[in-house]
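This report refers to the structure that appears directly beneath it.
The values are calculated or read from the model by the stated rules, or taken from the named source; none is laboratory data. The structure displayed is predicted, hence computed values, not measured ones. Glycine gets a Cβ as well: all are built from the backbone with ideal geometry, and neighbour counts include every protein chain shown.
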Amino acid sequence: MKIFLTSKLHFKDRNGFSLVEVLVTAGIVVLVSLGLFRVFITCSLLAEMAGNLTTAIVEAEDKMEEIRNVAFDTIVGSYSSGGTPGNTFTIPSFNAMGVVNIDPTTSPNNADLLKVEVNVSWRNKDGRVVGEDKDLDGTIDGGEDINSNNILDSTAKIITYIARK
């Protein structure tokens, strides 16, 4: 009987980890790794979205500069639906559509002032569309104008007033 007890005591004195400790540690490492992987995926999607937003804003600014360089009397006719170049434009660098909205009735007492708004909607790689133009065709379709203002709004939006020179 004494031999059995001493061998048991001798076994307890060994240094190392038990199987339960190793399994619990492995489970914790797996859970932390999965969480970090999820953070990595989310950060890459956000980085792509930030890049797309920057590109959309730059393209909207370019379109706004193009409109500013047109004669004041031809802005409404040229940048309305059916005009040349029209009220929509595509962005070739990624899947995006821009829409120009011109409001000549902003100031009824001042016919020499136009409110010009440029909105850009696009589809990210994950399929999410940023902006109200869900099918990226530049026209308001059913269910697209969420706030009912007759404008395809977007995160990438530039608004300015142009006055007759």
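Descriptive notes on the structure:
- The numbered conditions (1) basic (Lys, Arg); (2) within 30 Å of residue 104 (Cα to Cα); (3) at pLDDT below 90 are all true for residue 63 except (3).
- Filter result for residue 90 (more than 17 Å from the chain's Cα centre (by Cα) and either over 19 Å from residue 69 (Cβ atoms) or touching a residue at least 60 places away in the same chain (Cβ under 8 Å) (or both)): no
- Hey, residue 81 small (Gly, Ala, Ser) and either in contact with a Cys (Cβ under 9 Å, 6 or more places away or on another chain) or surrounded by 14 or more Cβ atoms within 10 Å (Cβ to Cβ) (or both) or not: no
This table checks each residue for (1) within 17 Å of residue 76 (Cβ to Cβ); (2) among the charged types (D, E, K, R).
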residue: 88; (1), (2): yes, no
residue: 91; (1), (2): no, no
residue: 103; (1), (2): yes, yes
residue: 109; (1), (2): no, no
residue: 113; (1), (2): yes, no
residue: 117; (1), (2): yes, yes
residue: 122; (1), (2): no, no
residue: 131; (1), (2): no, no
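- When each of 16, 51 is tested for being under 14 Å from the mean Cα position of the chain (by Cα) and at pLDDT below 95, the lone residue that passes is 51.
- When each of 141, 126 is tested for being of a type in the set (D, E, K, R) and in contact with a Leu (Cβ under 7 Å, 6 or more places away or on another chain), the lone residue that passes is 126.
- Subset of region 80-126 [acidic (Asp, Glu), in a loop (DSSP other than H, G, I, E, B) and more than 18 Å from residue 155 (Cα to Cα)]: 112
- Residue 76 vs. criteria assigned to a strand (DSSP E or B) and over 24 Å from residue 44 (Cα atoms): no
- Residues being closer than 13 Å to residue 156 by Cα and outside any helix (DSSP H, G or I) - total across region 29-73: 0
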